[in-house]
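The values are calculated or read from the model by the stated rules, or taken from the named source; none is laboratory data. On a predicted model such as this, the values are computed, not experimentally measured, just so you know. Don't worry about glycine lacking a Cβ; one is built from the backbone with ideal geometry, like all the others, and counts go over all protein chains shown. Accessible surface areas use protein heavy atoms only, side chains included; no ligands, DNA or RNA. Shrake-Rupley method; radii C 1.70, N 1.55, O 1.52, S 1.80 Å.
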Amino acid sequence: MSQSKSVCFRMLARHVLAAMMFSGMFVLYCLRNNLSVTIVAMVNTTGKEADRYSGDCQGKNGSELELVDELGEFYWDSQRQGLLLGAYYYGYAVSQIFGGWLEKYVGGKIVFGGSMFLGSVLTLVSPITAREAGFWAFFAVRLFLGLFQGVIFPVHHQMWGKWAPPMERTTLISIGPSGCNVGTIFISVVSGVMAANVGWDTVFYMTGALGLAWVLVWMFLGYDSPNKHPRISDGEKKYIIQEIGPSSEDKDPQVPWKSIFTSLPIWEIGRASCRERV
């Protein structure tokens, strides 16, 4: 209670971090899933040139059918579309291995923020890359997008190891990933509307700009640990350190690999997680 009173009506630093984690995961999933719906507007599924349908078709009522805007720009078959949709995950799977290590030696603020910055820049250049550089260049952009963003979940968990008191840890850790669901729903709805009304490329511009705006706020509000936060109250800082114990920054614990790989609960959690994504 004392740590709450000491900050009066100010929002606690760990609650600010939770809000930033939620919004960061929201943006992450907007960047991640913007292609899933937008690709429908990008691809010409007729296999015919768009200009063949410009003003030379008649509707049932005798009016001309303007089909040019309904045909996508790219002639990607289903195999290529699958490669593009999967490219993100090829990079994503690789970089998760290094996320925790980077957080420890570089710092969560820089790694999380840098990942979102690079992902946002790649998203902004996606339309011109697809149009001017071709399929494989666009594939590379999506691959590197996943590579840069695969570190975010390990960094998220590692940072909460320094910020979340044990009695609040479950709640605080769960707030960030809930932003993933909100972001998925948001981009699934908005991307279709934007692609149909103002063009598919605006989906990438909007999500990329959203990511850059988040990074600006993160650099001001996100910090690696209570010890590095310049504006945290003394009461909250003392409370977190007392509850967590000696900082993990001062320790280099051995990873119990044998216990991990022989733990039935861990295997079951992994199986359930894979099952959820099938």
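Quick check on the range 104-115. Is at least one of its residues aliphatic (A, V, I, L, M), surrounded by fewer than 22 Cβ atoms within 10 Å (Cβ to Cβ) and in contact (Cβ under 8 Å) with a residue 40 or more places away in the chain? For the range 104-115, residues aliphatic (A, V, I, L, M), surrounded by fewer than 22 Cβ atoms within 10 Å (Cβ to Cβ) and in contact (Cβ under 8 Å) with a residue 40 or more places away in the chain: absent. Residue by residue through the range 229-239, note down the ones that are of a type in the set (Lys, Arg) and exposed (fewer than 13 other Cβ atoms within 10 Å of the Cβ). Scanning the range 229-239 gives a single hit, Arg231.
Is it true that Ser63 is at pLDDT below 50 and either of a type outside the set (Lys, Arg) or loosely packed, with under 15 Cβ neighbours inside 10 Å (or both)? Considered against the rule, which asks whether it is at pLDDT below 50 and either of a type outside the set (Lys, Arg) or loosely packed, with under 15 Cβ neighbours inside 10 Å (or both), Ser63 comes out as yes.
Taking helices (runs of 4 or more DSSP H) as the structural unit, those lying wholly within the range 168-264 and holding at least 1 residues that are within 21 Å of Gly24 (Cβ to Cβ) and in contact (Cβ under 8 Å) with a residue 12 or more places away in the chain correspond to 169-197, 201-221, 234-244.
Number of residues in the range 126-136 that are aliphatic (A, V, I, L, M) and open to solvent by 30 Å² or more (accessible area, probe 1.4 Å) equals 2. Quick one: would you say Asn181 is of a type outside the set (A, V, I, L, M, F, W, C), under 28 Å from Thr129 (Cβ atoms) and open to solvent by 60 Å² or more (accessible area, probe 1.4 Å)? The answer is no for Asn181. Within the range 184-203, the set of residues being among the aliphatic types (A, V, I, L, M) and either surrounded by 15 or more Cβ atoms within 10 Å (Cβ to Cβ) or in contact with a Leu (Cβ under 9 Å, 6 or more places away or on another chain) (or both) comprises Ile187, Val190, Met194, Ala195, Val203. Remark: Thr123 matches the filter, which requires a residue to be crowded, with 19+ Cβ neighbours inside 10 Å and hydroxyl-bearing (Ser, Thr, Tyr). Taken over the range 204-213, the criterion of being among the hydrophobic types (A, V, I, L, M, F, W, C) and open to solvent by less than 20 Å² (accessible area, probe 1.4 Å) is satisfied by Phe204 alone. Scanning the range 68-103 for residues that are within 15 Å of His157 (Cα to Cα) and open to solvent by 90 Å² or more (accessible area, probe 1.4 Å) returns Ile97, Phe98, Trp101.
Within the range 229-269, the set of residues being at pLDDT below 90 and charged (D, E, K, R) comprises Glu249, Asp250, Lys251, Asp252, Lys258, Glu268. For the range 91-127, enumerate the residues that are more than 15 Å from the chain's Cα centre (by Cα) and among the aromatic types (Phe, Trp, Tyr). If the condition is that a residue be more than 15 Å from the chain's Cα centre (by Cα) and among the aromatic types (Phe, Trp, Tyr), then Phe98, Trp101, Tyr105 are the ones that fit.
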